[in-house]
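See below for the structure under consideration.
The values are calculated or read from the model by the stated rules, or taken from the named source; none is laboratory data. These numbers come from a predicted model, not from an experiment. As a convention, Cβ positions derive from the backbone with ideal geometry for all residues, glycine included, and neighbour counts pool all protein chains shown.
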Amino acid sequence: MTEPKEAKKVSEETTEKTTVVLEEPAEQVESVAEEAAGPAMRPLDEVLGQAEKAYAAYMEAQRQVSNAYRGNEQQIARAYRRAEQQAKNTCEANINDALKTREEALSQVSKERDEALAQAEKTQRKAKEQAERACEARIEKAWKTREEAVVQAWQLREETIEQAWNIYAKLSK
């Protein structure tokens, strides 16, 4: 004679009950039923409860690890934006400085022109061309420096994100 006995099974989200059919003689079924009704069921319930708690803790830890990696990626993005802003500010400062230097050179040339017109016109042309070349050279250098800083920051960001995801992938296995 067969009698069904209920056993608990832990799933990911909920605890479901499944039925296990034991095909044993009636005496063995009765002795198993007596044992199951006794204190043996409490430890099983406790073990199942502990397993459920451990699984919930595991899922929480997995969520926290994922959040930490997401937070790390956001920090890297902020660092990249700061580096880009710093490169932009440096570029603008260099451009302003170059423009100021050019203006100062032009002012000096104008003073010399007042003292001696003939000499001043010649000096003014030379100084103006020189100031323009210097300004263009400094602007070009500032742009190159900015571009290099942006490229370097971007590469560092990509490498850091890749390393972080590689570590996450290894930890997730």
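Here are the numbers for this structure:
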read-out	value
Some residue of segment 24-44 being surrounded by 11 or more Cβ atoms within 10 Å (Cβ to Cβ) and either modelled with pLDDT of 90 or more or within 28 Å of N166 (Cβ to Cβ) (or both)	yes
Matching residues, segment 132-173, being of a type in the set (S, T, Y) and under 20 Å from A93 (Cβ atoms)	T145
Any hit, segment 85-108, residues being in a helix (DSSP H, G or I), surrounded by 12 or more Cβ atoms within 10 Å (Cβ to Cβ), of a type in the set (K, R) and more than 25 Å from the chain's Cα centre (by Cα)	yes
Residue among E112, E162, E129 that is more than 27 Å from R70 (Cα to Cα) and surrounded by fewer than 14 Cβ atoms within 10 Å (Cβ to Cβ)	E129
Long-range neighbours under 7 Å by Cβ, at least six apart or interchain, first residue more than 17 Å from L99 (Cα to Cα) within segment 134-150, second aliphatic (A, V, I, L, M) and assigned to a helix (DSSP H, G or I)	R146/A87; A149/A83; A149/A87; V150/A87
